[in-house]
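Chemist: Dropping the structure in here first, questions after.
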Amino acid sequence: MSETVMEIRDLGLEFQLGRTLADVIQRRPGRVVNALNGVSLALKKGETLGVVGESGCGKSTLARCIVRLYTPQRGRITYHGQDIFAEDARADRSYNRRVQMMFQDPYSSLNPRMTTGQILSEALRVHQMRPESEIDARVAELLELVRLPQDAAGKLPHEFSGGQRQRIAIARALAVEPEVLIADELVSALDVSVQAQVVNLLLELQERLNLTILFVAHDLRLVRHVSNRVAVIYLGRIVEIGDSETLFARPAHPYSQALLSAAPSLDPDDKGSAIRLQGELPSPMDVPPGCPFHVRCPHASEICKQQEPRLTAHEGRGEVACHHVKEINTHA
């Protein structure tokens, strides 16, 4: 079995909103956004774990907690057994180097006043990855690694296309020789043809450098292509997690079934059979009690309204959080 690099247990994060005038008049407390509600998962060495779900379900919030941009109020994240939010871990900058994040918009995450060479050199110097005399040579290596021409070192970010800027972002992440990459909607801002190039490059680099990747995306076909395992998240909770091919072929949770049935097919003869859910996604400021999916689920019963289901193993197909998973999948 592959070594567990990172483990996330019962992660909870809330954002406190300011009080409105109506709140003040009626003496109500400020509203709270429940971004993460008990997320648990493990990241194995060398794998790509895809995280999918509707917009606003907590995918990017989870990614930002992993790189310590957000501090959760509940639960813990351990990296090789060490709590990343412990005081001694916060003081240790090696975690910032070993776990790197790449963002959706490479232009806003790159300093517009710095050349590509300066951007890569800065990462090398801050983390003391190379002696000063070797930095220029290492910058040249990184550009070659992500298939950018050597003259790119003297250019500013605005002189590149979106795909090229994303390659610079990948090179900057790889400059500090990380073990884990967090890809938050890495290619969603790019054209489809460019998406394929960037994703294939990332997969090649993963194999070459033995990287572990958490791949956050809303494009289900892309996630299926890149991921070894997939976690489906709904209103800040993991509702299903398992092997990519198995989950896409035979999803067990009713939300996973609806989500995947709505994905467009590459087969022109496939007219689709999308499962239409009742109602709309509830607000994260007012998460339903019990199973948060029960207000939209066609299989919901009284226990679903009262008791939150836990992730449990289901017939060798991964883990599912659903009270009625066996009945739902009797003929699946």
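Read-outs: derived from the displayed coordinates by stated rules, not from any lab. The structure displayed is predicted, hence computed values, not measured ones. Positions of Cβ are generated from backbone atoms using ideal geometry, with glycine treated the same way; all protein chains shown enter the neighbour counts.
Chemist: Counting just the residues of region 309-323 that are free of Cβ contacts under 8 Å to residues at least 40 places away in the same chain and crowded, with 17+ Cβ neighbours inside 10 Å, which one comes out farthest from the chain's Cα centre (by Cα)?
Modeler: It comes out as His323.
Chemist: Can I ask one more? For Leu222, are the conditions met, namely being over 17 Å from the mean Cα position of the chain (by Cα) and either within 22 Å of Leu110 (Cβ to Cβ) or hydrophobic (A, V, I, L, M, F, W, C) (or both)? Steps first, answer last, please.
Modeler: Numbers: over 17 Å from the mean Cα position of the chain (by Cα): no; either within 22 Å of Leu110 (Cβ to Cβ) or hydrophobic (A, V, I, L, M, F, W, C) (or both): yes.
Here the answer is no, as Leu222 does not meet what is asked.
Chemist: If I ask for residues that are among the polar types (S, T, N, Q) and within 24 Å of the chain's Cα centre (by Cα), which ones from region 274-308 would you list?
Modeler: We begin by selecting, within region 274-308, every residue among the polar types (S, T, N, Q); these are 278, 283, 301, 306-307.
Selection gives Ser283 alone.
Chemist: Tally up the residues in region 146-193 that are exposed (fewer than 15 other Cβ atoms within 10 Å of the Cβ) and among the small types (Gly, Ala, Ser), please. It would help to see each step written out before you state the result.
Modeler: Just the residues of region 146-193 that are exposed (fewer than 15 other Cβ atoms within 10 Å of the Cβ), to begin with: 147, 149-151, 154, 158-159, 161, 177, 188, 191-193.
Okay, now just the ones that are also among the small types (Gly, Ala, Ser), so 154, 161, 188, 193.
Residues in region 146-193 being exposed (fewer than 15 other Cβ atoms within 10 Å of the Cβ) and among the small types (Gly, Ala, Ser): 4 in total.
Chemist: Can you find a residue in region 223-234 that is among the polar types (S, T, N, Q) and closer than 11 Å to Gly50 by Cβ? Walk me through how you get there before you give the answer.
Modeler: Of all residues in region 223-234, those among the polar types (S, T, N, Q) come to 227-228.
Cutting the leftovers down to closer than 11 Å to Gly50 by Cβ gives us 227-228.
Within region 223-234, one or more residues are among the polar types (S, T, N, Q) and closer than 11 Å to Gly50 by Cβ.
Chemist: If you go through region 83-114 one residue at a time, how many are touching a Phe, Trp or Tyr at 6+ places or on another chain (Cβ under 9 Å), closer than 12 Å to Pro178 by Cα and not basic (Lys, Arg)?
Modeler: The number of residues fulfilling the criteria is 2.
Chemist: Tally up the residues in region 162-197 that are outside any loop (DSSP other than H, G, I, E, B), of a type in the set (A, V, I, L, M, F, W, C) and under 27 Å from Ala42 (Cβ atoms), please.
Modeler: Of the residues in region 162-197, the ones outside any loop (DSSP other than H, G, I, E, B) are 162-175, 180-184, 192-197.
Restricting the remaining residues to those that are of a type in the set (A, V, I, L, M, F, W, C) gives 168-171, 173-175, 180-183, 192, 194, 196.
Now drop any that are not under 27 Å from Ala42 (Cβ atoms), which leaves 169-170, 173-174, 180-183.
Here the count works out to 8.
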